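Working notes for the structure below.
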Amino acid sequence: MDRKSFRYLASHEWVHLQGDVATVGISQFAVEQLTDLIMIELPAVGTKVTAGKTFGEIESVKAVSDLYSPVGGEVIEVNSSVTSDVQVLAQDPYDRGWLIKVRVGDPPQTAELLDLATYEKKVAEEAH
């Protein structure tokens, strides 16, 4: 997947839309901020998610953080590689470490999303 086509929430979740399927994950910056990941809790297939609302949690040695959905729709796939070994997410948050796939409506219901350049600027500001 081409990261330039991703859109981001200010809370560091990303979405890649292909047709009516949105792949959702968290950014490398979020993984780095959380540091040592312990576990992740994701919704079951068939769960309805709402743009801008929580859909799960990720736990690290530092904190438990909510995960927010960039899009609304129905969860059609959950990345079992990540739920069984959260280090997959730590090692590769964009390709192997995606979290859920959501079938979106037409037009897609989205939260306020940032393009890559705007997101990278936000990350640079947060890092200082």
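Of everything in the range 13-39 that is assigned to a loop (DSSP other than H, G, I, E, B) and farther than 23 Å from PRO107 by Cα, the residue that is most open to solvent (accessible area, probe 1.4 Å) is ASP36. Residues of the range 65-96 that are out of contact with any Gly (no Cβ under 7 Å at 6 or more places or on another chain), of a type in the set (Val, Ile, Thr) and over 18 Å from PHE29 (Cβ atoms): VAL71, ILE76, VAL78, THR83. GLY52 passes every criterion in (1) open to solvent by 70 Å² or more (accessible area, probe 1.4 Å); (2) touching a residue at least 60 places away in the same chain (Cβ under 8 Å) apart from (1). Within the range 76-128, the set of residues being touching a Phe, Trp or Tyr at 6+ places or on another chain (Cβ under 6 Å) and assigned to a loop (DSSP other than H, G, I, E, B) comprises just one member, ASN79. Could you list all residues from the range 86-112 that are touching a residue at least 24 places away in the same chain (Cβ under 8 Å), open to solvent by 50 Å² or more (accessible area, probe 1.4 Å) and within 24 Å of GLU32 (Cα to Cα)? The answer is GLN87, ASP95, LYS101, GLU112.
Confirm whether PRO70 is closer than 21 Å to SER5 by Cα, of a type outside the set (Gly, Ala, Ser) and crowded, with 17+ Cβ neighbours inside 10 Å. Here the answer is yes, as PRO70 does meet what is asked.
Within the range 26-48, residues that are without any contact (Cβ under 8 Å) to a residue 60 or more places away in the chain and hydroxyl-bearing (Ser, Thr, Tyr) have Cβ atoms under 6 Å from residues that are open to solvent by 20 Å² or more (accessible area, probe 1.4 Å) and in a loop (DSSP other than H, G, I, E, B) in these pairs: THR35/LYS62, counting only partners at least 6 apart in sequence or on another chain.
Would you say ILE58 is open to solvent by 10 Å² or more (accessible area, probe 1.4 Å), over 22 Å from LEU116 (Cα atoms) and of a type outside the set (Gly, Ala, Ser)? Judged against the criteria, ILE58 is not a match. Taking ALA10, is it open to solvent by 10 Å² or more (accessible area, probe 1.4 Å), under 16 Å from TYR119 (Cα atoms), touching a residue at least 60 places away in the same chain (Cβ under 8 Å) and not in a strand (DSSP E or B)? It is true that ALA10 is open to solvent by 10 Å² or more (accessible area, probe 1.4 Å), under 16 Å from TYR119 (Cα atoms), touching a residue at least 60 places away in the same chain (Cβ under 8 Å) and not in a strand (DSSP E or B).
Please work out if GLY46 is part of a loop (DSSP other than H, G, I, E, B), surrounded by fewer than 18 Cβ atoms within 10 Å (Cβ to Cβ) and of a type in the set (Gly, Ala, Ser). In short, yes.
The values are calculated or read from the model by the stated rules, or taken from the named source; none is laboratory data. Just so you know, these numbers come straight off a predicted model, no measurement behind them. Every residue, glycine as well, gets a Cβ built from its backbone with ideal geometry; the counts of neighbours run over all protein chains shown. When the accessible area is computed, the model is the full protein with side chains, heavy atoms only, and any ligands, DNA or RNA have been set aside. Shrake-Rupley method; radii C 1.70, N 1.55, O 1.52, S 1.80 Å.
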